[in-house]
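One structure is given below, encoded as structure tokens.
The values are calculated or read from the model by the stated rules, or taken from the named source; none is laboratory data. Quick caveat, the model's predicted, so the values are computed rather than measured. Glycine also receives a Cβ, built like all others from the backbone with ideal geometry; neighbour counts cover every protein chain displayed. What goes into the accessible areas is simple: the full protein's heavy atoms, side chains included, and nothing from ligands, DNA or RNA. Shrake-Rupley method; radii C 1.70, N 1.55, O 1.52, S 1.80 Å.
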Amino acid sequence: MTLTDVIEVLEAAYPPARAESWDAVGLVCGDPAQEVRRVLFAVDPVAAVAGEALEWGADLIVTHHPLYLRGTTSVAATTPKGRLVHTLIKNDVALYTAHTNADVANPGVSDALARAVGLTGDLVPLQPFPDDPWRGLGRIGEVPEPTTLGEFAAQAAQGLPRTSWGIRVAGELSRPVRSVAVSGGAGDSLLGTAAAAGVDVFLTADLRHHPSSEFIEAGGPALIDAAHWATEWPWLDSAASILHASGVTVETRVSATVTDAWTRGY
């Protein structure tokens, strides 16, 4: 298979046109004609992931987060990002990104997160596209049986990869839980949407103090705040399975390298 073959499958599942205007998705480096036999999926394009790719013999790294989200005028090996580009090119390893176009896909990042924390049944977007009610940001689903916030939080912690600080909960632990909204990555822009949806819990990442405090004081759903990396990591296996389901004959691997920015809690 060529890099072009693999990209065609990825872009059918995660159309670049669905990415936000500020986003940077697609092929970062690599020759479209190069042969691809092994594909490594990871959340972040960082040195540790590149090292894992080289050790395994990957020809392509697919990441969720862009390398140069804000653009650049240089890829000189004088910065961590520049050194990463040099490492990849020297070793014939391509880099491809699916970011906000994967967030809104069906299935996408939040579908994988919802399943990881135990939601069942049909999942519907928390903020659907006007022209496609099955695509959009976040997902709403239900737990298999009525439970409590404390029990659901423990279940979510078990379903997500472990990080240095785990998850944080805002709300009474005895609160009944049936419907849950999730959004992979930073989701505080969806707080109002979650409240309007009438769910019992909103699980996401990167929640800030003041918006969260005001949200709880106003009687909104309970909140669960997880590590950004952890909420997006479940998508990697979903993305890899799309390649296999399409008939692309490559070997895939989901990176187990923890690239969460926070390395220790006290």
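Quick check: net charge around Asp59, other residues with Cβ under 13 Å of its Cβ, Lys/Arg +1 and Asp/Glu -1?
Net charge in that neighbourhood comes out at -2.
Can you give the relative contact order of the chain as a percent, counting alpha carbon pairs under 8 Å and 6+ residues apart?
21 percent
What is the stretch 3-101 by shape, rounded, prolate or oblate, if you read a ≥ b ≥ c off the alpha carbon gyration tensor as root eigenvalues and call it rounded for a/c under 1.5, prolate for a/b larger than b/c, and oblate otherwise?
oblate
Determine the relative contact order of the stretch 3-101: mean sequence separation of Cα pairs under 8 Å and six or more apart, normalised by residue count, in whole percent.
38 percent
Report the FRET efficiency, 1/(1 + (r/R0)^6), for Ala77 and Ala218, where r is their Cβ-Cβ distance and R0 is 45 Å, rounded to 0.05.
My answer for the efficiency is 0.35.
Can you give the net charge of the other residues whose Cβ lies under 14 Å from the Cβ of Glu145, counting K and R as +1 and D and E as -1?
Summing Lys/Arg as +1 and Asp/Glu as -1 gives -2.
Evaluate the distance, in nm, between pseudo-label points positioned 7 Å from the Cα of His209 and of Ser246 along their respective Cα→Cβ axes.
Between His209 and Ser246, the label points sit 4.5 nm apart.
Quick one: which of 41-53, 219-231, 11-23 comes out on top by average Cβ neighbours within 10 Å, and what's the full order, highest first?
219-231, 41-53, 11-23
Over the stretch 3-101, what percent of the accessible surface lies on carbon and sulfur atoms, probe 1.4 Å?
For the stretch 3-101, the apolar C and S fraction of the accessible surface comes to 53 percent.
With the cut-off at 1.5 for a/c, could you classify the stretch 25-65 from its C-alpha gyration tensor as rounded, prolate or oblate?
oblate
Would you grab the residues whose amide H sits under 5 Å from the one on Gly184? Only those 5+ places off in sequence or on another chain, please, with H modelled 1.01 Å from N.
So Gly184 has HN proximity to Ser110, Gly138.
Can you work out the FRET efficiency for the pair Thr87 and Arg168, with r the C-beta to C-beta distance and R0 = 35 Å, to the nearest 0.05?
0.50
The stretch 86-134 to the stretch 186-265: how many Å between their Cα centroids?
If we compute the Cα centre of each part, the gap is 11 Å.
Of all beta bridges DSSP finds with both residues in the chain, what is the antiparallel percent, to the nearest 5?
Bridges in the chain are about 50 percent antiparallel.
Given 0.36 nm per residue, what is the gain on full extension from Ala33 to Arg175 after removing their alpha carbon distance, in nm?
45.6 nm
Please list 127-134, 178-185, 108-115 highest first by mean number of surrounding beta-carbon atoms within 10 Å per residue.
The peptides rank, most packed first, as 108-115, 178-185, 127-134.
Over all alpha-carbon pairs in the stretch 105-231, figure out the percentage whose distance exceeds 17 Å.
It works out to 51 percent of all Cα pairs.
With every protein chain kept in place and ligands, DNA and RNA left out, what is the accessible area per residue of the stretch 66-163? Probe 1.4 Å, answer in Å².
That works out to 49 Å² for each residue.
Can you list residues whose amide H is under 5 Å from Thr2's amide H, if they're 5+ apart or on another chain and H is modeled 1.01 Å from N?
Distant-sequence amide H within range of Thr2: Val36.
Under unit Cβ charges (Lys, Arg +1; Asp, Glu -1), what dipole magnitude, rounded to 20 debye, does the stretch 1-144 have relative to its Cα centre?
420 debye
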